[in-house]
Amino acid sequence: MPILFLALLGCKSVHPIHTQNVENAITKNALQLLEDKRFHSVSIAVLKDRTSTIKHFGELTIGKRNKPNDSTLYELASVTKTFTGYIAAKTVLDQKIHLEDDIRIYLDEPYPNLEYKGEPITIKHLITHTSGFPNFPIKSENKKAFLEGLKLINIETKPGEVYSYSNTAPELTAYILEKVYQKSFEELVIEFVLKPNSMNQTKFTLNENDRTRLVKGYNDKNELMPNFNRTLWGGISGLHSTTTDLVKYMKLQLDPSNPIVNESHKKLYKEGSDFWEGYHWYIIENGNQLLYRHHGGIYGMQNWFVIYPKQNIGISILTNTSFNETGEILEKVVDNLFDDIIKTKK
């Protein structure tokens, strides 16, 4: 009995040291980032072995010293697509849609243009950016206009053969998911992702109190930028979240017992020697390295969300700045932070 007691004591004493090491790694990398004066604030959340560490730095409003906190709402931008992918994966498992389905069976009009030399565009092509769709919808002022714009698309490559990032395709996916479940896409995200994981601060539609917590971001000229105005379903962008809720999302993505997560992490399209597309996850696997990630960029903020299943680590980094090189800079911060955490683990 005393031996067991001592063993338990030993386990407990290690835990704060691990947490302190992660905190130190976050602080080091955040402060290095903020040396670049184009950045004003950064929030970083790390989940390691199911223990979360969240830290905030800088100021949300230039000159105000108003540091972000755990209730600060950020726009997730294209990280929203991973939620679209999760619901699509659930719908496939439920056998309500199939990856090889011609997308036109879910559309109310013929759309003879949505094929290439008789080859149809499938659900799989939509979620792997291999549909041949343009990046941005031809019409996006409202849902009706979007569907009209689909008629103007000219598919110039065989579906499934060429990767080309498309914001049009995930919106159509969201529309199809609505048709299948006869519920709004917003309701589907709430029902299948947010409620089961107690992500109460993650939402498309904000109330007045939420808006007071919503980040107003900047470009590289320190000009205040507008927040995104969602006019379509929300398959590409539109979710807002906090660091604490993103930790809950990490826990979901790191749950190997969840069949929907496992389906959504499947490699559906190989893009390079160690690079694949999943259900709106970019998957990198090389030797012992395996990670699932997505970047989000909108007018005044950017973020990276990265999952490392082999090391049981998740990282989210959010900033109130957006310019051409922001994503690349934040990617390096995430890579360095991960390396620092792994070093402390050893």
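Figures for the structure shown
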| read-out | value |
| --- | --- |
| Test result for Phe133, under 23 Å from Glu75 (Cα atoms) and either within 23 Å of the chain's Cα centre (by Cα) or in a helix (DSSP H, G or I) (or both) | no |
| Single match in Glu109, Glu141, Glu115 (criterion: surrounded by 16 or more Cβ atoms within 10 Å (Cβ to Cβ) and either without any contact (Cβ under 8 Å) to a residue 40 or more places away in the chain or assigned by the TED database to the domain that holds Pro170 (or both)) | Glu115 |
| Condition check for Glu187: modelled with pLDDT of 95 or more, exposed (fewer than 15 other Cβ atoms within 10 Å of the Cβ), assigned to a helix (DSSP H, G or I) and not hydroxyl-bearing (Ser, Thr, Tyr) | yes |
| Residue among Gly327, Gly297, Gly314, Gly272 that is surrounded by fewer than 23 Cβ atoms within 10 Å (Cβ to Cβ), small (Gly, Ala, Ser) and more than 30 Å from Leu224 (Cβ to Cβ) | Gly272 |
| Test: residue in region 74-84 that is assigned to a loop (DSSP other than H, G, I, E, B) and at pLDDT 95 or above | yes |
| Scan of region 227-279 for residues that are of a type outside the set (Ser, Thr, Tyr), part of a loop (DSSP other than H, G, I, E, B) and over 23 Å from Leu206 (Cβ atoms), ordered by number | Leu254, Asp255, Pro256, Asn258, His265, Lys266, Lys267, Leu268, Asp274, Gly278 |
| Test for Phe146: is it aromatic (Phe, Trp, Tyr), in contact (Cβ under 8 Å) with a residue 40 or more places away in the chain and touching a helix residue (DSSP H, G or I) at 6+ places or on another chain (Cβ under 9 Å) | yes |
| Criterion violated by His125 - all others in (1) touching a Gly at 6+ places or on another chain (Cβ under 8 Å); (2) open to solvent by 70 Å² or more (accessible area, probe 1.4 Å) satisfied | (2) |
| First in region 76-103 and touching a residue at least 12 places away in the same chain (Cβ under 8 Å), second anywhere and charged (D, E, K, R), Cβ under 7 Å, 6 or more apart | Ala89/Glu263; Val92/Glu263; Leu93/Glu263; Leu99/Lys124; Glu100/Lys124 |
| Any hit, region 275-282, residues being open to solvent by less than 30 Å² (accessible area, probe 1.4 Å), in contact (Cβ under 8 Å) with a residue 24 or more places away in the chain and of a type in the set (Asp, Glu) | yes |
| Residue in region 111-118 that is in a loop (DSSP other than H, G, I, E, B) and basic (Lys, Arg) present | yes |
| Unique match (being at pLDDT 95 or above and either more than 15 Å from Lys143 (Cα to Cα) or out of contact with any helix residue (DSSP H, G or I) (no Cβ under 8 Å at 6 or more places or on another chain) (or both)) among Tyr175, Tyr249 | Tyr249 |
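The values are calculated or read from the model by the stated rules, or taken from the named source; none is laboratory data. Only a predicted model underlies this, so the values are computations on that prediction, with no experimental measurement involved. When we count neighbours, we look across all protein chains shown, and the Cβ atoms used for this are built from the backbone with ideal geometry, even at glycine. Side chains are part of the model used for accessible areas, which takes the heavy atoms of the whole protein and leaves out ligands, DNA and RNA. Shrake-Rupley method; radii C 1.70, N 1.55, O 1.52, S 1.80 Å.
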